[in-house]
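Asker: Below is one structure. I have some questions about it.
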Amino acid sequence: MKSLIIADRIQQAKYDRRPVVALESTVITHGMPFPENIETAFEVEELIEKEGAVPATIAVLGGKIKVGLSREEIRDLADREDVEKISRRDIPWAVAAGLYGSTTVAATMIAAHRASIRFFVTGGIGGVHRGGENSFDISADLTELGRTPVTVISAGAKAILNLELTLEKLETEGVPVLGFQTDEFPAFYSRKSGLKLKIRVDIPQDIAEIVRARDELELENAILVANPISREAEIPLAEIEPEIKKAVAEARDEDISGFALTPFLLDRIKKISSGQSLKVNIELLKSNARLGARTAVAHHNLEIMGD
Ligand code: PSU
Ligand code: MN
């Protein structure tokens with residue numbers, strides 16, 4: 001495929017049947033400031049390697065969807081000012097116009113699946129926005145999770161969203177949501193949202209077995225793993241909720257909606273929390289990377305046993 005390039009290093013890993021873990025790039029270009037964005041991107045790749053898996057960061061470079069960015073390519077992407085946020089609907093345009101773009105959860109899932117990568121690590125997924133029942137602002141991440149069979153390791157979805165409606169939509173899309181060592185859906189900065197999950201898993205092999213059952217039955221939906229932030233690093237929901245309310249009200253006052261809403265809210269919360277949210281973001285990315293790599297390795301071991 002001319003518009004999708006898989007790095008030699010990743011092709012070799014696939015050929016050697018080593019576990020590969022995909023990573024998104026919106027968190028580098030839109031989610032974190034310099035230099036934390038590059039430092040974290042590199043650190044997350046190293047963590048995955050240490051766990052015995054191969055990291056593949058994904059982005060659009062000059063109209064080519066690249067799976068497995070090099071260090072130089074990550075640095076260059078973070079330095080550029082002309083990087084678009086690319087979701088499913090933007091891919092054909094970005095490719096045809098030769099753009100530079102960072103991929104959202106939805107777009108990264110598509111690229112990972114095309115490259116036969118089964119596991120994908122992110123911070124938090126997009127969801128149904130507050131007021132989404134009227135505005136119809138529902139992230140394309142949710143429909144993607146319903147149609148593309150990769151396993152996404154996340155810290156849940158941010159409390160800037162309506163988490164109850166987000167879980168309802170995931171249920172409609174047929175997406176199993178697995179609480180990792182928790183009975184509750186985590187809220188990104190916070191370990192708890194007050195919303196119960198049906199499925200709890202306690203070790204990576206539990207996840208790998210659910211993935212295998214999904215694949216045996218050729219179900220096309222993704223699996224969402226919800227891995228709560230550590231106790232030491234979390235910002236409790238009661239503490240962050242007033243800040244979220246402030247940011248949502250500002251967005252309304254300034255008429256910010258649609259595509260620009262998620263980056264706007266995240267940026268406002270970063271400022272309002274005076275950087276605390278950034279620390280949490282970095283911590284949970286590292287934690288998700290570790291769990292994603294361990295799950296990919298556990299799945300790999302199940303496949304080798306082949307029973
Ligand atoms: N959630 C976060 N940080 C992010 C995003 C989501 O905690 O940076 C990004 C992801 O790339 C996600 C996208 O796929 O925002 C969702 O945007 P929208 O709501 O416009 O679909
Ligand atoms: Mn949206």
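Asker: Which value in Å is the Kirkwood Rh of region 134-195 over different Cα pairs?
Answerer: For region 134-195, inverting the mean 1/r across all distinct Cα pairs yields 12.2 Å.
Asker: Roughly how many debye, to the nearest 20, is the charge dipole of region 121-268 about its Cα centre, given +1 on each Lys and Arg Cβ, -1 on each Asp and Glu Cβ, and no other charges?
Answerer: Details: 16 positive and 27 negative charges, 52 e Å.
Roughly 260 debye, rounded to the nearest 20.
Asker: Enumerate the calculated ³J(HN,Hα) couplings along region 249-263 in order (Karplus 6.51 cos²θ - 1.76 cosθ + 1.60, θ = phi - 60°), each rounded to whole Hz, writing x wherever the residue is Gly or Pro.
Answerer: With coefficients 6.51, -1.76 and 1.60, one gets 5, 4, 4, 5, 4, 8, 6, 8, 8, x, 4, 7, 5, 4, x Hz.
Asker: Of all DSSP beta bridges in the chain, what percent run antiparallel (nearest 5)? Mind showing how you got there, number by number?
Answerer: On the way: 11 of 39 bridges.
Percentage antiparallel, nearest 5: 30.
Asker: If you don't mind, another one. Accessible area of GLU164, 1.4 Å probe, to the nearest 10 Å²?
Answerer: Result for GLU164: roughly 110 Å² accessible.
Asker: Moving to a separate point now. Suppose R0 equals 41 Å; then what is the FRET efficiency for ARG71 and THR172 from their Cβ-Cβ distance, rounded to the nearest 0.05?
Answerer: My answer for the efficiency is 0.50.
Asker: With the other protein chains left in place, how much accessible area per residue, in square angstrom, belongs to region 185-307 at a 1.4 angstrom probe? Present the calculation step by step, with values, prior to reporting the outcome.
Answerer: Working: 6280 Å² over 123 residues.
In whole numbers, region 185-307 has 51 Å² accessible per residue.
Asker: While we're here: Return a whole-number percent for the relative contact order of region 40-146, with Cα pairs under 8 Å and 6 or more residues apart as the contact set.
Answerer: 22 percent
Asker: Count the lysine pairs in region 125-250 whose Cα atoms lie under 17 Å apart, taking only pairs 8 or more positions apart in sequence or on different chains. Provide the component values of the computation, followed by the final result.
Answerer: Numbers: LYS158/LYS169; LYS158/LYS192; LYS158/LYS196; LYS158/LYS245; LYS158/LYS246; LYS169/LYS196; LYS169/LYS198.
Count of close lysine pairs: 7.
Asker: Hey, another quick one. Can you work out ³J(HN,Hα) from phi for every residue in region 214-226, in order, using Karplus 6.51 cos²θ - 1.76 cosθ + 1.60 and θ = phi - 60°, giving whole Hz and x for Gly and Pro?
Answerer: 4, 6, 4, 8, 6, 6, 8, 6, 6, 10, 10, 9, 10
Asker: 5 Å is the cut-off here: which amide hydrogens, built 1.01 Å from N in the peptide plane, fall below it relative to VAL128, excluding neighbours closer than 5 in sequence?
Answerer: Long-range HN contacts for VAL128: SER139, ASN162, THR166.
Asker: Which percent of the accessible area of the chain is formed by carbon and sulfur heavy atoms (probe 1.4 angstrom)?
Answerer: 49 percent
Asker: Which order do you get for SER135, SER274, SER230 if you rank them by accessible area with a 1.4 Å probe, largest at the top?
Answerer: Largest accessible area first, the residues go SER274, SER135, SER230.
Asker: Between Rg and the Kirkwood Rh of region 206-307, both from Cα atoms, what is the Rg to Rh ratio?
Answerer: Radius of gyration over Kirkwood radius for region 206-307 works out to 1.13.
Asker: Taking the convex hull of the Cα atoms, report for region 240-288 its projected area averaged over all directions, in nm².
Answerer: With every direction weighted equally, the projected area is 3.7 nm².
Asker: Students often check this: by mean Cβ neighbours within 10 Å, which of 21-31, 38-48 ranks highest, and how do the rest follow?
Answerer: Per-residue Cβ counts within 10 Å, averaged per peptide and sorted highest first, yield 21-31, 38-48.
Asker: If a/c stays under 1.5 just call it rounded; otherwise compare a/b with b/c (prolate if a/b is bigger, oblate if not). Do that for region 93-138, with a ≥ b ≥ c from the square roots of the Cα gyration tensor eigenvalues.
Answerer: oblate
Asker: Starting from the Cα of TRP93, move 7 Å in the Cα-to-Cβ direction to define the label point; list residues of region 36-73 whose amide nitrogen is under 11 Å from there.
Answerer: No residue passes the distance filter.
Asker: Also, I was wondering about something else. If PHE120, PHE264 are ordered by their accessible area, calculated over protein heavy atoms with a 1.4 Å probe, which sequence runs from highest to lowest?
Answerer: Descending order: PHE264, PHE120.
Asker: Can I ask one more? On average, how much accessible surface per residue is there in region 49-91, in Å², for a 1.4 Å probe, leaving out ligands, DNA and RNA?
Answerer: Computed with neighbouring chains in place, this is 45 Å² per residue.
Asker: For region 44-161, what is Rg from Cα atoms divided by 2.2 N^0.38 Å, rounded to two decimals? Each step should come with its number before you reach the end.
Answerer: Values: Rg = 14.8 Å, N = 118, 2.2 N^0.38 = 13.5 Å.
So region 44-161 has a normalised radius of gyration of 1.10.
Asker: Given a cut-off of under 8 Å on Cα pairs at least six residues apart, what relative contact order in percent is computed for region 103-172?
Answerer: 39 percent
Asker: Quick one: plug the Kirkwood hydrodynamic radius of the chain (C-alpha pairs) into Stokes-Einstein at 25 °C, 0.890 mPa s, and report D in µm²/s.
Answerer: Answer from the Stokes-Einstein relation: 128 µm²/s.
The values are calculated or read from the model by the stated rules, or taken from the named source; none is laboratory data. Just so you know, these numbers come straight off a predicted model, no measurement behind them. Note: ideal-geometry Cβ built from the backbone for every residue, glycine included; neighbour counts use all protein chains shown. For the accessible areas, the whole protein counts, side chains as well, though only heavy atoms, and no ligand, DNA or RNA atoms are used. Shrake-Rupley method; radii C 1.70, N 1.55, O 1.52, S 1.80 Å.
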